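Read-outs: derived from the displayed coordinates by stated rules, not from any lab. In this text the structure is predicted, and so the values were computed from the model without any measurement. We place every Cβ from the backbone using ideal geometry, glycine too, and count neighbours over all the protein chains shown.
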Amino acid sequence: MKKSENSRRDFIKKSATLVIGTIAASSLLNQAFASETISENNFSPLDGGKFTLPVLPYSYDALEPHIDKLTMEIHHSKHHQVYVDNLNKALQTSDASVLGSPQTFENIFDKIGKLQPALRNNAGGHYNHSLFWQLMTPAKAGVENVPTGKLGDAIKTTFNSLEEFKKQFADAAMKRFGSGWAWLIKTADGKLVITSTPNQDNPLMNLDAIEKKGTPVLALDVWEHAYYLKNQNRRADYIASFWNVVNWDTSESLFTNSK
Ligand code: MN
């Protein structure tokens, strides 16, 4: 019993490494998965497997009072679950010859323009939310939540100061009309750039509509479902709360592990 459990665990570990290895070697599109934090969570399926809802790395009430428990619970267990379910459904009805194999985010986002819109919405929705959960962490009392290390330096070099970066990121989040996301990305030439996308699009998608492409370093969901219960129409208050719970360690690892 013990032996078989161990073998199973080893198998999962090895398979996960293989998938991650394939992704890391094949192109810069999904460099995001080179991050230890993200790969451990393993929200990309094995070839031919089903996508599943990732377990949150903290409890639903852990981001209180900045992000409330009920919002987190509904956002993760209902909204995110629907993206996962619809992604799996869409994959079953996709033209296999168009998508090919493996069914990874990298492959899906690369061919997204040739696939049915359900994949754009739901692969985007699953990827974006999985990343978003990892980019938040419970606030530590009495500790200022700021980026350090190489990312902290790069933010200061690029935007002059952390305050100026936050201002410009919040501005992008505020100006996103309707539903979408605000992003800090690392472009192919290594620059930090702020951008935003509508709906569940993201900067990894191989589409002309995505103006600024690159590896996500920071992501903020600005759909009303992310804040309406606590903040109602006050998106600015939600953005201000977000800074208290940003997981700068994940962000740093996305930044340093990408090309
Ligand atoms: Mn959302």
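Tell me the GluC sites (Glu not before Pro) within the range 141-235 that lie in a loop according to DSSP and have at most 16 other beta-carbon atoms within 10 Å.
E144, E211
For D95, put the label point 7 Å out on the Cα→Cβ axis and report which residues of the range 120-135 keep their amide N under 17 Å from it.
120
Could you list R234, R176, R120 in order of exposure, starting from the residue whose Cβ has the fewest other Cβ atoms within 10 Å?
Fewest to most other Cβ atoms nearby, the residues stand as R234, R176, R120.
Could you give the length gained by full extension between A141 and H225, i.e. 0.36 nm per residue of separation minus their alpha carbon distance, to one decimal place?
My answer for the length gained is 27.5 nm.
Order of T137, T250 from fewest to most other C-beta atoms within 10 Å?
Result, fewest neighbours first: T137, T250.
For each pair in K140/K230; K78/K150; K175/K212; K111/K156, compute the distance between the two Cα atoms and list the pairs where it is over 26 Å.
Correct reply: K78/K150; K111/K156.
Project the alpha carbons of the range 149-257 onto their principal axes and report the range along each, largest first, in whole Å.
Rounded to whole Å, the extents work out to 37, 32, 21 Å.
Roughly how many debye, to the nearest 20, is the charge dipole of the range 107-176 about its Cα centre, given +1 on each Lys and Arg Cβ, -1 on each Asp and Glu Cβ, and no other charges?
I would put it at about 280 debye.
Got a sec? How would Y227, Y58 order by Cβ neighbour count within 10 Å, fewest to most?
Y58, Y227
Scan around M136 for amide H atoms under 5 Å from its own, H built in the peptide plane at 1.01 Å from N, and keep only partners 5 or more places away or cross-chain.
N247
At D153 and E73, where each label point lies 7 Å from the Cα along Cα→Cβ, what is the point-to-point distance in nanometres?
Calculated label separation equals 4.5 nm.
Cβ under 13 Å from W248's Cβ, W248 left aside: what net charge do those residues give with Lys, Arg +1 and Asp, Glu -1?
Taking every other residue near W248 into account, the sum is -1.
Please list, in order along the range 63-70, the HN-Hα scalar couplings obtained from phi with the Karplus expression 6.51 cos²θ - 1.76 cosθ + 1.60 (θ = phi - 60°), rounded to whole Hz, x for Gly and Pro.
9, 4, x, 6, 10, 7, 4, 5
Would you calculate the separation in nanometres between label points at E211 and R234, each defined as 7 Å from the Cα along the Cα-to-beta-carbon direction?
So the label points at E211 and R234 sit 3.0 nm apart.
Give a quick list of chymotrypsin sites (Phe, Trp or Tyr not before Pro) in the range 82-189 that DSSP marks as loop, anything other than H, G, I, E or B, with at most 16 other Cβ atoms within 10 Å.
Answer by residue number: F177.
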